[in-house]
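Peer 1: Encoded as structure tokens, here's the structure I'll be asking about.
The values are calculated or read from the model by the stated rules, or taken from the named source; none is laboratory data. No experiment lies behind these values; they were computed from the predicted model shown. When we count neighbours, we look across all protein chains shown, and the Cβ atoms used for this are built from the backbone with ideal geometry, even at glycine. Ligands, DNA and RNA are stripped out before the accessible areas are found, and what is left, the full protein with its side chains, is counted by its heavy atoms. Shrake-Rupley method; radii C 1.70, N 1.55, O 1.52, S 1.80 Å.
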Amino acid sequence: MKKIILMLRITALCSVVVLKTCGIALGQPRVGMMPKIIEKDGRHALIVDDHPFLILGGQAHNSSGWPGMLPQVWSAVKTMHANTLEVPIYWEQIEPQPGKFDFSLIDTLLKQGRENKVHLVLLWFATWKNGSSHYMPEWMKRDPVKYPVITGRNGEPVDSPSPHTQAGMEADAKAFTSVMEHLKNADPQHTVIMVQVENEPGAWGSVRDYSPTAQKLFEGQVPAELLKPSVLKALNKPLVEKGTWQEVFGEDADEYFHAWSVAHYIGYVAAAGKAVYPLPMYANAALRDPITNPKAGTYESGGPTDNVIPIWKTAAPALDLLAPDIYMAESEKVLKVIELYARPDNALFVPEIGSGEEYVRYFYSVLARGGIGFSPFGIDDNGQGSAESEIVTRLSPLAQEYALAGPMMRELAKWAFEGKIKAVVEREDHAEQTINLGSWQAIITFGTWGRRLEQTNTRPIGKAMVVQLGENEFVLIGSLCHFTFKPLGANAGKAWQYLKVEEGRYENGHFKLLRIRNGDETDWGGPRIGAVPTVLHTTLITR
Ligand code: DGJ
């Protein structure tokens with residue numbers, strides 16, 4: 001009998017040990033792996049639950065993170081088939097009095113995110129929100145001496161927080177650390193997978209702070225970290241060992257000084273939060289024109305615009321990535337921005353982009369650059385009271401894309417990480433485009449298709465993605481496009497054909513066949529895809 005009781009005790013003990021090892025402490029939610037960003041050969045993946053994860057996101061409007069507004073946000077998330085909601089959290093609400101914290105809104109978000117089986121990216125609206133400080137708590141707004149705004153060139157106050165206030169930086173870091181501490185305790189299952197620190201930081205209305213404090217720093221020596229040859233080279237500046245901002249950076253001195261100051265402040269806040277709970281963190285940029293190299297002062301100054309990425313990387317190493325908010329209309333500019341932010345030292349993530357149909361195609365461009373996520377801005381109705389049908393129509397192009405991508409999100413994330421995805425998007429001239437794939441070239445035209453009739457799209461919204469699974473084996477995804485191939489390299493000049501073109505969906509890691517496309521659906525060069533995004537799997541052979 002004693003032996004039996006002893007055995008039962010041992011078995012019970014072992015079960016507890018096994019459960020704990022699996023991360024399932026009794027009576028507690030499942031403890032997930034810590035989300036993180038990894039890099040290999042200059043490409044990146046966001047790891048969630050131990051595997052590459054693709055953010056199929058949407059961002060709520062600025063004032064929609066309140067409990068009374070959330071039902072419409074979740075309704076939009078559901079309509080879109082998004083797997084991640086980006087939602088602001090507000091310093092003024094979280095710390096209504098100095099040192100008194102209220103995490104009730106965060107707890108509501110965590111609870112509702114889990115109920116909706118959706119991850120969260122929290123946006124810390126704090127010292128900076130679009131270059132201003134309107135989300136600072138009232139007790140800070142009422143004390144402009146302790147928490148000053150910047151001073152313009154002519155001595156005028158500018159509606160943008162000063163990055164040269166130790167008190168402001170410490171207050172932000174303290175509040176942010178409390179938020180991260182709370183998440184660490186309240187979110188063992190990692191509903192929150194990433195945090196944006198501030199929002200579009202920098203200044204509108206002045207290139208930098210001209211206050212006496214700032215001026216003194218500006219006339220002093222450039223910090224040694226910025227004088228490293230690798231940083232100066234990346235900024236296209238002559239290598240020097242010392243000098244003032246003006247001496248080292250010439251006509252860019254004012255902007256670089258502000259970028260350094262803002263990045264240093266935000267890097268400090270991020271590092272403090274990370275020290276308690278190391279979720280991936282990023283800062284987002286209000287962009288400058290990526291092609292014309294415009295004059296500082298014509299765009300928000302000091303944020304992580306493409307020209308100052310090396311400064312931000314140096315000043316704020318606690319940030320995992322710098323991310324572009326894309327609202328440009330021209331495809332040339334959008335594609336250039338995507339190229340500029342996909343760097344070996346920077347994972348590409350688009351936390352904001354227009355939510356209109358014309359922007360959906362860039363989801364493919366982001367994947368082709370190895371991106372970890374895509375998240376149009378302003379998905380909810382913002383209290384406008386629109387009819388449900390209007391909302392569904394507005395979100396429909398994105399919803400179709402996410403409905404297709406959702407079940408194959410893990411595959412897409414892995415292929416993007418492995419550099420297997422190539423893509424083209426329809427440009428304003430609707431011209432044919434090509435993708436080189438070693439022994440093959442994919443040729444893509446855009447339009448709508450009758451039996452043999454091709455009609456140019458009225459707006460440039462077509463897109464095509466090719467995933468190279470083997471030398472001759474491809475996954476083709478797209479809409480409003482037509483694929484054909486040309487043998488290249490070792491195959492050049494050979495006759496060829498499709499071995500098979502299968503249409504279907506990826507589900508639970510497997511391709512599930514809907515039909516084999518043949519005859520009209522593949523003849524005349526290759527498969528055509530209409531307005532509904534479609535996945536095809538094909539192998540090509542030469543004869
Ligand atoms: C960019 C900002 O980051 C968002 O918070 C929002 O203000 C949008 N602009 C509005 O278009």
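Peer 1: Taking the residues in region 358-384 that are assigned to a loop (DSSP other than H, G, I, E, B) and of a type in the set (A, V, I, L, M) as candidates, determine which candidate is farthest from the ligand (Cβ to nearest atom).
Peer 2: Here is the first cut: in region 358-384, the ones assigned to a loop (DSSP other than H, G, I, E, B) are 361, 369-372, 375-376, 378-384.
Checking the rest, the ones that are also of a type in the set (A, V, I, L, M) come to 372, 379.
Details: ILE372: 19, ILE379: 12 Å.
Ranking the candidates gives ILE372 first.
Peer 1: Follow-up. Of all residues being part of a loop (DSSP other than H, G, I, E, B) and open to solvent by 50 Å² or more (accessible area, probe 1.4 Å) in region 322-357, which is nearest to the ligand (Cβ to nearest atom)? Just the residue, please. Please lay out each step first, then the result.
Peer 2: Pass one, region 322-357, residues part of a loop (DSSP other than H, G, I, E, B): 327-330, 342, 344-345, 347-348, 351, 354-356.
From what is left, the residues that are open to solvent by 50 Å² or more (accessible area, probe 1.4 Å) are 327, 329-330, 344-345.
On the way: TYR327: 7, ALA329: 14, GLU330: 18, PRO344: 26, ASP345: 23 Å.
Among those residues, the one meeting the criterion is TYR327.
Peer 1: Condition test on ARG208, is it open to solvent by less than 40 Å² (accessible area, probe 1.4 Å) and of a type in the set (Lys, Arg)? Walk me through how you get there before you give the answer.
Peer 2: Working: open to solvent by less than 40 Å² (accessible area, probe 1.4 Å): yes; of a type in the set (Lys, Arg): yes.
Yes; evaluated as a whole, the condition is true for this residue.
Peer 1: Which of the residues that make up region 169-202 are buried (at least 24 other Cβ atoms within 10 Å of the Cβ) and at positive phi?
Peer 2: Within region 169-202, GLU198, GLY202 qualify.
Peer 1: Looking at region 413-437 only, could you name the residues that are open to solvent by less than 60 Å² (accessible area, probe 1.4 Å) and in a loop (DSSP other than H, G, I, E, B)? Explain how you work it out, then say what you get.
Peer 2: Just the residues of region 413-437 that are open to solvent by less than 60 Å² (accessible area, probe 1.4 Å), to begin with: 413, 415-417, 419, 421, 423-426, 430-431, 433, 435, 437.
Within region 413-437, GLY419, GLU426, HIS430, ALA431, LEU437 qualify.
Peer 1: In region 370-398, which residues are open to solvent by less than 10 Å² (accessible area, probe 1.4 Å) and farther than 22 Å from ILE338 by Cα?
Peer 2: Passing the criteria: ASP380, LEU395.
Peer 1: Can you tell me which residue in region 272-284 is nearest to the ligand (Cβ to nearest atom), limited to those that are closer than 14 Å to ALA347 by Cα and hydrophobic (A, V, I, L, M, F, W, C)? Quick ask: steps written out before the conclusion?
Peer 2: Kept after step one, since they are closer than 14 Å to ALA347 by Cα, are these residues of region 272-284: 280-284.
From what is left, the residues that are hydrophobic (A, V, I, L, M, F, W, C) are 281, 283.
On the way: MET281: 16, ALA283: 11 Å.
Of everything passing the filter in region 272-284, ALA283 is nearest to the ligand (Cβ to nearest atom).
Peer 1: Now for a separate question. For ALA259, only one of the following conditions fails: (1) more than 16 Å from the ligand (Cβ to nearest atom); (2) closer than 29 Å to LEU120 by Cα; (3) touching a residue at least 12 places away in the same chain (Cβ under 8 Å); (4) open to solvent by 10 Å² or more (accessible area, probe 1.4 Å). What is its number?
Peer 2: The one condition ALA259 does not meet is (4).
Peer 1: On the given criteria, is TRP91 within 16 Å of the ligand (Cβ to nearest atom), open to solvent by 40 Å² or more (accessible area, probe 1.4 Å) and hydrophobic (A, V, I, L, M, F, W, C)? Step through it out loud before you land on a result.
Peer 2: Numbers: within 16 Å of the ligand (Cβ to nearest atom): yes; open to solvent by 40 Å² or more (accessible area, probe 1.4 Å): no; hydrophobic (A, V, I, L, M, F, W, C): yes.
It is false that TRP91 is within 16 Å of the ligand (Cβ to nearest atom), open to solvent by 40 Å² or more (accessible area, probe 1.4 Å) and hydrophobic (A, V, I, L, M, F, W, C).
Peer 1: Quick check on my filter: what residues within region 231-249 are open to solvent by 30 Å² or more (accessible area, probe 1.4 Å) and in a helix (DSSP H, G or I)? Can you show your working first?
Peer 2: Residues of region 231-249 open to solvent by 30 Å² or more (accessible area, probe 1.4 Å): 233-234, 236-242, 246-247.
Listed by number, the residues that qualify are LYS233, ALA234, GLN246, GLU247.
Peer 1: Evaluate region 110-117: report whether one residue or more is under 27 Å from ASN185 (Cα atoms) and open to solvent by less than 40 Å² (accessible area, probe 1.4 Å). First the steps, then the outcome.
Peer 2: Our first condition is that a residue be under 27 Å from ASN185 (Cα atoms); within region 110-117, this holds for 110-117.
In the following step, the residues that additionally are open to solvent by less than 40 Å² (accessible area, probe 1.4 Å) were identified as 110, 113.
Within region 110-117, one or more residues are under 27 Å from ASN185 (Cα atoms) and open to solvent by less than 40 Å² (accessible area, probe 1.4 Å).
Peer 1: Oh, and also: So if I check each of VAL179, VAL121, VAL195, which one is away from the ligand (no atom under 16 Å from the Cβ) and either without any contact (Cβ under 8 Å) to a residue 60 or more places away in the chain or touching a Gly at 6+ places or on another chain (Cβ under 9 Å) (or both)?
Peer 2: Working: VAL121 fails: away from the ligand (no atom under 16 Å from the Cβ); VAL195 fails: away from the ligand (no atom under 16 Å from the Cβ).
Checking each option against the conditions leaves just VAL179.
Peer 1: Are there strands (runs of 3 or more DSSP E) fully within region 466-543 with at least 1 residues that are open to solvent by 40 Å² or more (accessible area, probe 1.4 Å) and polar (S, T, N, Q)? List them. Outline the logic, then answer.
Peer 2: Details: elements: 473-479, 481-487, 496-507, 510-517, 534-542.
In region 466-543, the matching strands (runs of 3 or more DSSP E) lie at 496-507, 534-542.
Peer 1: Let me ask another. Would you mind telling me which numbered condition in (1) buried (at least 18 other Cβ atoms within 10 Å of the Cβ); (2) away from the ligand (no atom under 16 Å from the Cβ) GLU219 fails?
Peer 2: Status for GLU219: all satisfied but (1).
Peer 1: Give me the pairs: first residue in region 61-86 and away from the ligand (no atom under 16 Å from the Cβ), second residue aromatic (Phe, Trp, Tyr), beta-carbon distance under 9 Å, and six or more apart or on different chains, which are they?
Peer 2: Correct list of pairs: MET80/TYR402; HIS81/TYR402; ALA82/TYR402; ASN83/PHE53; ASN83/TYR402; THR84/PHE53.
Peer 1: Out of all the residues in region 139-153, is one or more within 16 Å of the ligand (Cβ to nearest atom), of a type in the set (Gly, Ala, Ser) and either over 23 Å from TYR268 (Cα atoms) or not in a helix (DSSP H, G or I) (or both)?
Peer 2: Step one: of region 139-153, the residues within 16 Å of the ligand (Cβ to nearest atom) are none.
Checked against the condition, which is being within 16 Å of the ligand (Cβ to nearest atom), of a type in the set (Gly, Ala, Ser) and either over 23 Å from TYR268 (Cα atoms) or not in a helix (DSSP H, G or I) (or both), region 139-153 yields no hits at all.
Peer 1: In region 32-69, how many are open to solvent by 10 Å² or more (accessible area, probe 1.4 Å) and of a type in the set (S, T, N, Q)?
Peer 2: So the count comes out to 2.
Peer 1: Which residues, taken from region 385-412, are in contact with a helix residue (DSSP H, G or I) (Cβ under 9 Å, 6 or more places away or on another chain) and not in a helix (DSSP H, G or I)?
Peer 2: Scanning region 385-412 gives a single hit, SER386.
Peer 1: Quick one: ARG288 ticks every box in (1) touching a Ser or Thr at 6+ places or on another chain (Cβ under 6 Å); (2) open to solvent by less than 10 Å² (accessible area, probe 1.4 Å) except a single one, so which number is it?
Peer 2: (2)
Peer 1: Identify, please: which residue in region 291-321 is open to solvent by less than 40 Å² (accessible area, probe 1.4 Å) and among the acidic types (Asp, Glu) and is, among those, farthest from LEU226 (Cα to Cα)?
Peer 2: Going through region 291-321, the residues open to solvent by less than 40 Å² (accessible area, probe 1.4 Å) turn out to be 294, 296, 299-312, 314-316, 318-319, 321.
Keeping just the survivors that are among the acidic types (Asp, Glu) gives 300, 306.
On the way: GLU300: 22, ASP306: 17 Å.
Out of the qualifying residues, it is GLU300.
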